[in-house]
Ligand SMILES: Nc1ncnc2c1ncn2[C@@H]1O[C@H](COP(=O)(O)OP(=O)(O)OP(=O)(O)O)[C@@H](O)[C@H]1O
Ligand SMILES: [Mg+2]
């Protein structure tokens, strides 16, 4: 309970006593590049395989001759947009970017770099954390869009080279009964997840106490708590927006 | 000048500082000494505002710091430079960027003026050719000197150092002590140094407060310290052989 209160105060401190706009622009750009580079390869790789595997497995399960093969394309598309791209990517993102944010801030805390900022009269929460959160809010939805496209490409590759269905059927399925809201929903999810990962990881790192061991623990805790909150938020959002 | 008046600080029910008073003077190296765990760092952190005292006053040239509004606090903070125990250099920035950092965020100085100032300060701490090195690539003593350069780059009026020579060899320690004293005198800074190194005390202790069991037991300078008559202080001062010999010779 104390932690929840401290987290809320921490979020409040983001907007107190800020530096000039230009300072932030540079910091945010740096963070964007860092976050993007840090996760793009892993996210891309996982997405391609996720798409390919879900195509193969859907095809494997659909043996009923009454159901046209094109349904596979439709299932893979909805699965990817609604769940795989935003949520599974978020879990990977929490592992990669969340642990790096917590480790970075935790190290700065125990080596007194955060105290150094504070003594200079700089609000360390807004100076260090706000750029990370903003950059994550920008970059994560882009990563989700990339992951979605790559997953569907992965599905196409499986169709083309896996030999489980005709590529033409796959494409027909992709276009069938398409509901544009699912894309909106995926983007809403990705913004919420991005905020959760960045703010929770930053909070865990920022209040690290002790030494190198505690920095490691803070990173682990950041990933665990981020993942749990992603799953909870996923459920709540589905309940609120889809049902 | 920094005045500390009736300062109290406790954590939960552990009383760390009780009724601390003292006046740190401009242009002098003021020392806070005491055994490990006696509350020196806590006193320093209260003074610079990293911790909030339970009660008491801290005056920076007459301006109250503890209950100042945000603008006054920021104004005072921008006159403060601090050297942390481990240097606390930003590890993602190189030496030059570290020293330049306070100028970047606190001033609107043009870029070339900033660089002149940075190079001047680096030269002052005898670090001329390390501008592009990263903190992880330089030695502990060099990190401390970069820390000092960063602390004085914005023409700080107040300089705080938490154990500036812990972890350094005796020679480098003395270099750092002398550097601090020279800078203090040259720019008329109010310098406050936390230390438990008797060498530093004898070398640069122009005003010393001794903290023991959460209270200030003694104040004075390095000439008086060897005949203070305070038992706890004698235990601290004459803990090592060399100081005991020194006492025998001087009496
Ligand atoms: N944030 C804190 N929370 C709780 N207790 C603290 C905190 N900071 C310091 N203390 C306690 O206050 C006491 C004084 O600590 P302090 O760090 O000031 O000692 P010190 O005199 O600087 O010692 P050293 O020479 O080893 O650095 C210690 O007993 C410590 O446990
Ligand atoms: Mg200390």
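Values quoted throughout were computed directly from the atomic coordinates according to the rules given, and no laboratory measurement underlies them. No experiment lies behind these values; they were computed from the predicted model shown. Please note: Cβ atoms are built from the backbone with ideal geometry, for glycine as well, and neighbour counts cover all protein chains shown.
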Report summary line: Exactly one of B:21, B:6 is more than 14 Å from chain A (Cβ to nearest Cβ), on the phi > 0 side of the Ramachandran plot, in a strand (DSSP E or B) and out of contact with any helix residue (DSSP H, G or I) (no Cβ under 9 Å at 6 or more places or on another chain), and that one is B:6
Report task. Any chance you could count how many residues in the stretch B:1-18 are within 14 Å of ligand 1 (Cβ to nearest atom) and buried (at least 19 other Cβ atoms within 10 Å of the Cβ)? Result -> 4
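If we keep just the residues of the stretch B:93-109 that are more than 11 Å from chain A (Cβ to nearest Cβ) and under 23 Å from the mean Cα position of the chain (by Cα), which is nearest to residue B:82 (Cα to Cα)? Even if it seems obvious, please write down each step before you answer.
Taking the stretch B:93-109 first, the residues more than 11 Å from chain A (Cβ to nearest Cβ) are B:94-97, B:99-100, B:107, B:109.
From what is left, the residues that are under 23 Å from the mean Cα position of the chain (by Cα) are B:95-97, B:99-100.
Details: B:95: 16, B:96: 17, B:97: 17, B:99: 12, B:100: 15 Å.
Going through the qualifying residues, I end up with B:99.
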Query raised in the report: Pick from the stretch B:19-40 the residues that are within 14 Å of ligand 1 (Cβ to nearest atom) and touching a strand residue (DSSP E or B) at 6+ places or on another chain (Cβ under 6 Å): which of them is nearest to residue B:215 (Cα to Cα)?
Result: B:20
Requested in this report: Those residues that are within 23 Å of residue B:153 (Cα to Cα), within 16 Å of ligand 1 (Cβ to nearest atom) and surrounded by fewer than 20 Cβ atoms within 10 Å (Cβ to Cβ), I need them from the stretch B:46-83; list them, please.
Outcome: B:49, B:50
Query raised in the report: Which members of the stretch B:47-64 meet the condition of being within 18 Å of the chain's Cα centre (by Cα), more than 20 Å from residue B:166 (Cβ to Cβ) and more than 8 Å from chain A (Cβ to nearest Cβ)?
Result: B:51, B:58, B:59, B:60, B:61
Query raised in the report: Of all residues in the stretch A:1-51, which are surrounded by 13 or more Cβ atoms within 10 Å (Cβ to Cβ) and not in a helix (DSSP H, G or I)?
Result: A:14, A:17, A:18, A:19
